[in-house]
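Q: To start, I am sharing the structure in question, which I have written as structure tokens.
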């Protein structure tokens, strides 16, 4: 997969969909293309977050630790991003991510991502918009859940 | 030191000065003879004086002297020679005199030069010797760069002066006096006029020079302060950048330079003023001769002949006078310099020479206890650090010094290390005052390490072994030319008052490290490095260094075995994808295009980096393979992409680390180049522009940069070009490249690259770490661990050890203290740069290592955390400069005192 294909992939990630292609290209160029074998761990729950991952091909499982061992709570498909919260604020990883099949990801480093946001405010605004969207979504769901009680 | 320069020179060069005066006087004989000779030649054979008759002869080399009371005595009648023969004979004598005069001059100048250089060597050595004996507190007040500039620059002019110090005034004074006397003989009154003017010169000029002396002293001080400041800027460059004070420094330096300029300019003005006056006075004499003498002649009171004789005699006076005055100026100049330097080096409380005397034999162990006896220490500002503390350290016991913030335990450790002198009380070893013990005892039987580490600009190994180099232990036997050289060294050293300790002797005291010689020293080194947890770091340095294959033959010889071991290991663990090996017939996708083309490591500058694309042979290989155009187009594409990606970013942006093709500074140049080359056919592009573009493609790695520029066909062409490149390699490039050969060690590459013999895949997370831990393991299994560690020890630590981290420096210092296996090991918070866990680990290891093989040194450790006290036999607690508690860890814990308080 080439740099320009990666840019296409990034564009399909909602978080980046509003960002100029030229900036996405820079983001892709400064990120590492990494491959994982099936069963390899991308990161573990409780680790400090230093990067976000965009799935380029393959699928990955999101696992949460429990007393009975890890439980799979969701699956990641190509074009999805994981770990983005940890690079925006200093929280540790809330789940473990493991490759289900051979996996190709774009590893966006925290310092690079923050640096880009600082350099290009228009990109930051786009990302803010997506986050605010998510927040209003979550708030609406919360209200629904409360009123349903 | 001797405050008067003249006396200093006289004391050390009396004999030589007298000798040279004698030689100079002797040289006057042929010199004056050569004056007389031209007249003899012209008057005699050329004009025919004495040869009026055809066939007339004249005696040649007739020796006769008019001795008083006896009359004319004939020693030799001489040869009778005709007119032409006499001409030849006299001309030959002239030639002979020219040669003799020249030889005299050569000898005198060489002799004077050598005399000066020897004195310079003596004085420089004396200065450094004093530096080595300065009391420790003195160094808190001097800047190292100032001391260095005094030793190096300020005494330098002395060398030139010393040879002339006595001979010049004697000679010139003699000449001036003779000329004066000659004038006096011609006419007393005219002579008196000349004498009066000379008198004015002698009195006035030195008076005017006083200001020159003041100015040159100022010049010297300001220049010295400047070099001190420059040294400070270099040492404190971090602080300058951190606080954005570079412009403050610029202002300070500019102000200093301005002041120096003003002083120097004043100096010139005044100097040339003095010169002008001097010349004027010298010229005023003939003026007076012409006017007064002429008047007297007209009046008929003076004979014309006399006046002409006086005037012609006078022309010999100004020359020597001027030179004499110049000499005096030089004398004052060096005298000022000398005094300035001597003042700086005259310090009270110099360490007596016998304390530092060279001791070859083993001084024996320190078997007595080390005690502080009502010891008081103050800091430089006079604040009390320790107040009448008494404490005894018995041989073999381990003692932790625990200190509150103002406790003063560090001051005690410094007193034990003799780094600071007691204000009151003393430190004794048995009954001897510690300060009176020779360094041969304290420096060998005691060790000290603190958080303030100094490392020399040398390899790790040399820094580590530095603590063992007390004396030239093994006499070296020289033969042949080396023996002659050594004899010369010894002779010259003694002539300049330097010691003749042989620097090429083996200074390492193996026995004190518990070794018998160079062969088993490494074991001791490895043990102390392991103890301070530094081996891994050094091993990494070793892996990253290239190796001197003539020294590390085993590593080079077993490289094939190592590579195979790595491969099979990677296969076993299912990690073969991690490293893509170099194969002569295959393209390595994880390596750059440049590497794939060369398939070797550049050993010189001809084929390295940017020079590669411009190399004519390499360009011709590309052309033959039809690669030149492809790579050019590829380079254009890369340039476009790179500029598109990076053009908006400021040049210091961290993203540029990702851009392997060009530096941020080159981007504008490539932008204009790209504009210029756009739509221009390949054939019309100049060679140098092509090279600029092609070179970009060499850094390209497809999996990393992902521009999609590498095709199967291109890869095939590159592999083909590779073999063609080596087939016709011209002889001048044979040594510029080392071809990758799976069976050979590549000297130009690092150890790690040699072991990998391939490239780590770009798209494997944490691949480098995993590979490294596998490599450590393999090295250990194959018994090459020590070999690579040894390579790492060659790493140069840089100025003040700054190429190492603070923690590494401190560990190295502890290792150095430990290596000499002392009787008393004094540790003054030595590992403060490490975290608590690591400190405890190293402490435990050091305690164990120090006592290995039944050795039982006393260990005094100023600990950073009271909980470390647990590991010691005894704990002493300091608060406010007092020893407040002293006992075993358990008793102090039970006491509920200040120790318990500090622990919580």
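The values are calculated or read from the model by the stated rules, or taken from the named source; none is laboratory data. Treat the numbers as computed from the prediction; the structure is a model and nothing was measured. Cβ atoms come from the backbone with ideal geometry, glycine included; neighbour counts cover every protein chain shown.
Q: List the number of the failed condition for residue A:70; all other conditions in (1) within 12 Å of chain B (Cβ to nearest Cβ); (2) surrounded by fewer than 19 Cβ atoms within 10 Å (Cβ to Cβ); (3) within 19 Å of residue A:100 (Cα to Cα) hold.
A: (1)
Q: I need the full set of residues from region B:761-782 which are over 16 Å from residue B:540 (Cα atoms) and either away from every other protein chain (no Cβ under 14 Å) or surrounded by fewer than 16 Cβ atoms within 10 Å (Cβ to Cβ) (or both), in order please.
A: Of everything in region B:761-782, those that are over 16 Å from residue B:540 (Cα atoms) and either away from every other protein chain (no Cβ under 14 Å) or surrounded by fewer than 16 Cβ atoms within 10 Å (Cβ to Cβ) (or both) turn out to be B:766, B:781, B:782.
Q: Evaluate region B:175-184: report whether one residue or more is surrounded by fewer than 17 Cβ atoms within 10 Å (Cβ to Cβ), assigned to a helix (DSSP H, G or I), at pLDDT below 90 and touching a helix residue (DSSP H, G or I) at 6+ places or on another chain (Cβ under 7 Å).
A: no
Q: While we're looking at this one, here's another question. For residues in region A:1-36 being more than 10 Å from every other protein chain (Cβ to nearest Cβ) and free of Cβ contacts under 8 Å to residues at least 24 places away in the same chain, which is farthest from residue A:88 (Cα to Cα)?
A: A:8
Q: Which residues, taken from region B:653-682, are within 12 Å of another protein chain (Cβ to nearest Cβ) and farther than 21 Å from residue B:612 by Cα?
A: Hits for region B:653-682 are B:653, B:654, B:655, B:656, B:657, B:658.
Q: Follow-up. Which of the helices (runs of 4 or more DSSP H) contained wholly in region B:775-882 include at least 1 residues that are free of Cβ contacts under 8 Å to residues at least 40 places away in the same chain and within 17 Å of residue B:451 (Cα to Cα)?
A: In region B:775-882, the matching helices (runs of 4 or more DSSP H) lie at B:806-819, B:836-850.
Listed here are the residues, each with its yes/no results for (1) in contact (Cβ under 8 Å) with a residue 12 or more places away in the chain; (2) under 28 Å from residue B:164 (Cβ atoms); (3) loosely packed, with under 11 Cβ neighbours inside 10 Å.
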position: B:17; (1), (2), (3): yes, yes, no
position: B:28; (1), (2), (3): no, yes, no
position: B:33; (1), (2), (3): yes, yes, no
position: B:42; (1), (2), (3): no, no, no
position: B:47; (1), (2), (3): no, no, yes
position: B:55; (1), (2), (3): yes, no, yes
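Q: Take residue B:643 and tell me if it is touching a helix residue (DSSP H, G or I) at 6+ places or on another chain (Cβ under 9 Å), modelled with pLDDT of 85 or more and within 14 Å of chain A (Cβ to nearest Cβ).
A: Taking the combined requirement at face value, the residue satisfies it.
Per-residue answers, yes or no, for (1) crowded, with 19+ Cβ neighbours inside 10 Å; (2) modelled with pLDDT under 90; (3) assigned to a helix (DSSP H, G or I):
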residue	(1), (2), (3)
B:691	yes, yes, yes
B:703	no, yes, yes
B:710	yes, yes, no
B:716	no, no, yes
B:722	yes, yes, yes
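Q: Which residues, counting only those in region B:127-157, are over 18 Å from the mean Cα position of the chain (by Cα) and either part of a helix (DSSP H, G or I) or modelled with pLDDT of 90 or more (or both)?
A: B:130, B:133, B:134, B:136, B:137, B:138, B:139, B:140, B:157
Q: Please go through region B:537-556 and pick out each residue that is assigned to a helix (DSSP H, G or I) and in contact (Cβ under 8 Å) with a residue 60 or more places away in the chain.
A: B:537, B:538, B:539, B:540, B:541, B:542, B:543, B:544, B:554, B:555, B:556 - these are the residues of region B:537-556 that are assigned to a helix (DSSP H, G or I) and in contact (Cβ under 8 Å) with a residue 60 or more places away in the chain.
Q: Residues in region B:664-683: is at least one surrounded by 19 or more Cβ atoms within 10 Å (Cβ to Cβ) and under 30 Å from residue B:753 (Cα atoms)?
A: Looking for residues that are surrounded by 19 or more Cβ atoms within 10 Å (Cβ to Cβ) and under 30 Å from residue B:753 (Cα atoms), one finds none in region B:664-683, hence no.
Q: Return only the number of the condition from (1) modelled with pLDDT under 90; (2) in contact with a helix residue (DSSP H, G or I) (Cβ under 8 Å, 6 or more places away or on another chain); (3) within 14 Å of residue B:458 (Cα to Cα) that residue B:785 does not satisfy.
A: Of everything listed in (1) modelled with pLDDT under 90; (2) in contact with a helix residue (DSSP H, G or I) (Cβ under 8 Å, 6 or more places away or on another chain); (3) within 14 Å of residue B:458 (Cα to Cα), residue B:785 misses just condition (3).
Q: Of these, A:83, A:39, A:58, which one is within 12 Å of chain B (Cβ to nearest Cβ), at positive phi and in contact with a strand residue (DSSP E or B) (Cβ under 8 Å, 6 or more places away or on another chain)?
A: A:39
Q: Please work out which residue is nearest to residue B:439 (Cα to Cα), limiting yourself to region B:455-467 and to residues that are in contact with a helix residue (DSSP H, G or I) (Cβ under 6 Å, 6 or more places away or on another chain) and surrounded by 15 or more Cβ atoms within 10 Å (Cβ to Cβ).
A: Looking at the filtered set, the residue picked out is B:467.
Q: Can residue B:584 be described as closer than 30 Å to residue B:732 by Cα, without any contact (Cβ under 8 Å) to a residue 60 or more places away in the chain and surrounded by fewer than 21 Cβ atoms within 10 Å (Cβ to Cβ)?
A: So residue B:584 does not fit the description; no.
Q: In addition: What's the number of the only condition in (1) within 12 Å of chain B (Cβ to nearest Cβ); (2) modelled with pLDDT under 85; (3) touching a helix residue (DSSP H, G or I) at 6+ places or on another chain (Cβ under 7 Å) that residue A:49 fails to meet?
A: Checking residue A:49 against (1) within 12 Å of chain B (Cβ to nearest Cβ); (2) modelled with pLDDT under 85; (3) touching a helix residue (DSSP H, G or I) at 6+ places or on another chain (Cβ under 7 Å), the one that fails is (1).
Q: Separate question: Do we have any residue at all in region B:480-489 that's modelled with pLDDT of 90 or more, closer than 21 Å to residue B:119 by Cβ and surrounded by 14 or more Cβ atoms within 10 Å (Cβ to Cβ)?
A: Checking region B:480-489: at least one residue is modelled with pLDDT of 90 or more, closer than 21 Å to residue B:119 by Cβ and surrounded by 14 or more Cβ atoms within 10 Å (Cβ to Cβ).
Q: Whether any residue in region B:367-381 is in a helix (DSSP H, G or I), in contact with a helix residue (DSSP H, G or I) (Cβ under 9 Å, 6 or more places away or on another chain) and surrounded by fewer than 16 Cβ atoms within 10 Å (Cβ to Cβ) is what I want to check.
A: Taking every residue of region B:367-381 in turn, none turns out to be in a helix (DSSP H, G or I), in contact with a helix residue (DSSP H, G or I) (Cβ under 9 Å, 6 or more places away or on another chain) and surrounded by fewer than 16 Cβ atoms within 10 Å (Cβ to Cβ).
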